[in-house]
Structures are given as C-alpha cells and as structure tokens.
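See structure below.
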Amino acid sequence: MNRIRLNNPVTRYITTYLNFLSSSNFLLYTVTPIIPLLIVAVLSTDSYLWVGSEIHHFYIELFAVILSAVLGFYYILHARNLNDRFSLFVGIGFSVSAALDLFHVVVSYSMMEDVSFLKYFIPQTWFAGRIFLSCMLLIGVAKYSSLLSEDRWVTRNKEALVKGIPSEKKRSKDGKTSKIPRNSAR
C-alpha cells in the first residue's frame, strides 16, 4: 500500500507549525502582545477612561506613519538585496500606506476647525490606506509567496509524494553504488 512519506513538504510545514506553537517563541511573539492589547481594549470600552483630542490623533497617526515608512524602506531594501518580489510588494504597500497616512495627518491637523469636513475625510483616507496595504499584501501572497509556490509544487507532484520521493545513487569509495533516499541525513 502506498503511503505518504513523512519528509514531504506538507508534512514539514505542519510539523514546523506545531513545533512553533509548542516553543517559547510562540509565547514571546504571540501571547505576550495580547496582554497590552487586551488592556487597551478594556480601557477603550469606558468612554471616560479613554479621552482623546485632535493632538492625540495627530501623534498617534504620526507614529503610524513613521513605523510604516520604516517597514516600507526595510522591505524594499530587502527586495532589492535578495531580488525578492514578495518583499517588494510588501514594501510598496507599506510605503504608499505611509504616504496616505502622512497626507491624512497633515490635512486633518491643518483643518481641525472644520469638523464637518473631517467627519468624512478622516475615515475615508484611513480606509484608503488600509485597503491599499491589504491589496498589496494579498497580491504579494497570491503571486510570490514561497508557501503557495511550494503548495503548487505539491499539487503538481502528487504521484511522487504518494509513491515516495525518488532515491538517488551514491557511489562509495570502493566503487559500489547504494541507494539512499533523498532528504535523509548523509
């Protein structure tokens, strides 16, 4: 009976993911940020604890612009150095999002007195920046992500995965050949 070998790409991804969930990195990078986010979520439910103003909005958005610009610069530089198109799409997404957020900050700060204008301008520019970034990330993942490209390889080579990865011959010092499976320790 044909069995799928344990060293195929899909099994490796699943094993890597499960190992990540059981590692200390999962706690450090996933569970730890949840704590301050929950505190902010609880504080934001009470309208008397979370009182903001136009200047608070300005500084929060300016911080987002700086962070987005740094990420965009990093990903574009990463794409240039490694010739990675996925990083290029992510970098362009963050850079344009930073430019839209900067426009959002400058106009909303300069037009603080016109509340009727800001009532429509702030949500629309914020929405435009998030939609553009989401589209760039979606295009980058759909076209250039290594995870999806290896999944395409898996679907094209189903028979090879079911039958087992073909073995290659190894020539020993005495001239004899022996079969060793690929992806095994040599």
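Quick notes on this one:
- Kirkwood Rh in Å, taken over all unlike Cα pairs in region 23-108: 15.3 Å
- Order of F127, F103, F94 - criterion: other Cβ atoms within 10 Å of each residue's Cβ, fewest first: F127, F103, F94
- Chain lengthening between N83 and I35 when straightened (0.36 nm per residue, less Cα-Cα): 13.6 nm
Values in this text are rule-based calculations from the coordinates and carry no lab data. Just so it is clear, the model here is predicted, and its values are computed rather than measured. With ideal geometry, Cβ positions are generated from the backbone for all residues, glycine too; neighbour counts draw on all protein chains shown.
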